[in-house]
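As C-alpha cells, the structure follows; a few thoughts come after it.
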Amino acid sequence: MTTVVAPVGEAPGRALTRPARGRPRRPSKARWWVVLGFLSPFVIGFGIFVLYPVIATLYYSLTDFQAGSYRPVRFVGMNNYRALFTESDTFWVSVRNTLWMVVVMVPLRTAWAMLTAWLIIRVRRGRTVYRTLFFLPSMVPVVAAALSFIVLLNPVGPFNRLLSLVGVAGPGWFSDPAWSKPSLVLMAMWASGNVMVIFSAAMLDVPRELYEAADLDGANGLQKFRSITLPAISPVIFFALLTGMIYTFQYFTEAFVASSSANMTASSNDLIGYPANSLLFYSTELYRQGFSYFKTGYASAMAWLLFLIIFAATVVFIRASRRFVHHAGGGR
C-alpha cells in the first residue's frame with residue numbers, strides 16, 4: 001500500500017491510500033510431481049494388483065498357457081471358450097449347482113433376514129440383546145463356521161442325535177448329495193445377521209404415521225406389512241438380493257471347506273465337489289482347473305466368462321428392479 005497526498009480542494013492532512021500496482025497474485029498450484037507422489041501408492045498398487053492381472057488373464061484366456069510348464073505358449077484364440085461349452089462335463093455341473101444356489105439360497109437368506117428383523121423390532125424389552133445374538137454368527141470366520149457346521153451336521157453328530165430323540169432319522173447332510181447344498185443354505189441363513197441389521201434399520205425408518213393411518217382404516221398386521229413395510233424397505237430388499245446374487249455367483253470358501261473336510265479318504269482332486277460333484281460350484285471348478293490341473297488359459301477363460309455373466313445378470317436385475325423398488329419420494 002502507498003500513501004498519496006490529498007489533491008487540491010480537499011481537507012488538508014487527509015491522505016488517500018491506493019493499492020500498489022504490481023503483478024496480480026496467481027492462485028497457488030501444487031507441482032505435478034508432488035501430486036503424482038501422493039497418488040503413486042494407489043497408482044502402483046492398482047497397476048500391479050488389478051490392471052496387470054486383468055490384462056494378463058484376458059491374454060491367457062486366448063492361449064494354452066499352463067503355469068509351471070516350460071513349453072512355449074501358443075495362441076489358440078477362442079478354443080478355451082469353445083472347450084467350456086462342448087468338451088467339459090464338469091463345467092455344466094458347476095453351472096447348474098451355482099444357479100441352484102443363486103435361485104434358492106439368495107431369496108431364502110434374504111427372507112430369513114427380513115423375518116428376523118421384523119420380529120426383533122416388535123420386541124418391547126431386550127431388543128438390543130436379541131439383535132446382538134442374531135448378528136454374532138455373521139462375525140464368525142467363514143472357515144470356522146463351515147467346520148463347525150460339518151461337526152454339527154455329521155451323520156453321527158449332535159444335530160442328528162437330537163433328531164433321533166424325536167424319532168427322526170437324520171440325513172447324511174454334507175456326505176449326502178441330496179442334502180449337501182441345503183446344508184450350505186442352512187449355514188448361510190445362520191450367518192445372515194449383517195443383512196438382518198440392515199433390514200432392522202430400514203424398518204425402524206418407516207414413518208409411524210403410515211401405520212397409524214392404517215390402524216384407523218382397520219388394517220391388520222399382514223396388510224400393514226404388505227402395503228407399508230415392503231414398499232418402504234424395497235430399496236434394501238433390492239440391495240440384499242443384488243449383493244447376494246453377486247456373492248453367490250462367486251461362491252467358494254464354504255463349499256471348498258465342506259468338500260475337503262467331509263471326506264478325509266479321497267484324493268485332493270476328488271475332494272473338490274464332494275460328494276458326487278454336488279458341491280462343485282463355478283468358482284471351485286475354476287480353482288481346480290487353474291491350481292490343481294494348472295490349466296491357466298482354460299481357467300482364465302472361465303474367469304472372464306464369470307465376469308460377463310455377473311455383469312449381464314447385474315444389468316438385467318437393475319433394470320427389472322424399476323418395477324418393484326419404491327423410493328422415498330414416491331417414484332420407482
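The values are calculated or read from the model by the stated rules, or taken from the named source; none is laboratory data. Note that the coordinates shown come from a computational prediction; the quantities given were computed from them, not determined experimentally. Neighbour counts are summed over all protein chains in view; Cβ atoms, including those assigned to glycine, are modelled from backbone coordinates with ideal geometry. To get the accessible areas, we keep the full protein, side chains included, count just its heavy atoms, and leave off ligands, DNA and RNA. Shrake-Rupley method; radii C 1.70, N 1.55, O 1.52, S 1.80 Å.
To keep it simple, each residue is scored yes or no on (1) of a type outside the set (A, V, I, L, M, F, W, C); (2) more than 21 Å from the chain's Cα centre (by Cα).
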site	(1), (2)
54	no, no
63	yes, yes
71	yes, yes
76	no, yes
104	no, no
107	yes, no
131	yes, yes
150	no, yes
Every listed condition ((1) in contact (Cβ under 8 Å) with a residue 40 or more places away in the chain; (2) surrounded by fewer than 16 Cβ atoms within 10 Å (Cβ to Cβ); (3) small (Gly, Ala, Ser)) holds for residue 169 save (1)
Residues satisfying the stated conditions in segment 143-181, i.e. hydroxyl-bearing (Ser, Thr, Tyr) and under 21 Å from residue 104 (Cβ atoms): 175, 180
Test residue 275 against the criterion of being of a type outside the set (Lys, Arg) and either open to solvent by 20 Å² or more (accessible area, probe 1.4 Å) or assigned to a helix (DSSP H, G or I) (or both), and give yes or no. no
Could you tell me whether segment 214-228 includes any residue that is in a helix (DSSP H, G or I) and in contact (Cβ under 8 Å) with a residue 60 or more places away in the chain? yes
Pull out all pairs, ordered by first then second residue, where Cβ-Cβ is under 7 Å, the residues are six or more apart or on different chains, the first lies in segment 309-326 and is over 20 Å from residue 98 (Cα atoms), and the second is at pLDDT below 85 and open to solvent by 50 Å² or more (accessible area, probe 1.4 Å). 322/332; 325/332; 326/332
What do you reckon, is residue 178 under 16 Å from residue 259 (Cβ atoms) and loosely packed, with under 15 Cβ neighbours inside 10 Å? yes
Restricting to segment 104-140, name every residue that is open to solvent by less than 80 Å² (accessible area, probe 1.4 Å) and outside any helix (DSSP H, G or I). 123, 126, 140
Answer yes if at least one residue in segment 64-84 is under 22 Å from residue 274 (Cα atoms) and open to solvent by less than 20 Å² (accessible area, probe 1.4 Å), and no otherwise. yes
If you go through segment 57-77 one residue at a time, do you hit one that is modelled with pLDDT under 60 and more than 19 Å from residue 304 (Cα to Cα)? no
Filter segment 183-198 for residues that are of a type in the set (Ser, Thr, Tyr) and either more than 14 Å from residue 115 (Cβ to Cβ) or part of a helix (DSSP H, G or I) (or both) and give the result. 183
Confirm whether residue 206 is in contact (Cβ under 8 Å) with a residue 40 or more places away in the chain and not charged (D, E, K, R). no
When segment 143-158 is checked residue by residue, the ones that are in contact (Cβ under 8 Å) with a residue 12 or more places away in the chain, part of a helix (DSSP H, G or I) and either crowded, with 16+ Cβ neighbours inside 10 Å or not β-branched (Val, Ile, Thr) (or both) are 145, 146, 147, 149, 150
Are any residues in segment 66-98 of a type outside the set (A, V, I, L, M), touching a helix residue (DSSP H, G or I) at 6+ places or on another chain (Cβ under 6 Å) and not in a helix (DSSP H, G or I), and if so, which ones? 66
Hey, residue 204 hits all of (1) open to solvent by less than 60 Å² (accessible area, probe 1.4 Å); (2) at pLDDT below 95; (3) in contact with a helix residue (DSSP H, G or I) (Cβ under 8 Å, 6 or more places away or on another chain) but one; which does it fall short on? (1)
Contacts under 7 angstrom Cβ, first residue in segment 251-271 being within 21 Å of residue 293 (Cβ to Cβ) and part of a helix (DSSP H, G or I), partner modelled with pLDDT under 85 and among the hydrophobic types (A, V, I, L, M, F, W, C), 6 or more apart: 259/271; 260/271
Is at least one residue of segment 252-261 modelled with pLDDT under 90, more than 25 Å from residue 103 (Cα to Cα), surrounded by 14 or more Cβ atoms within 10 Å (Cβ to Cβ) and not β-branched (Val, Ile, Thr)? yes
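For every residue, the table says whether it meets (1) closer than 17 Å to residue 243 by Cβ; (2) part of a helix (DSSP H, G or I).
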residue: 283; (1), (2): yes, yes
residue: 287; (1), (2): no, yes
residue: 290; (1), (2): no, yes
residue: 320; (1), (2): yes, yes
residue: 326; (1), (2): no, no
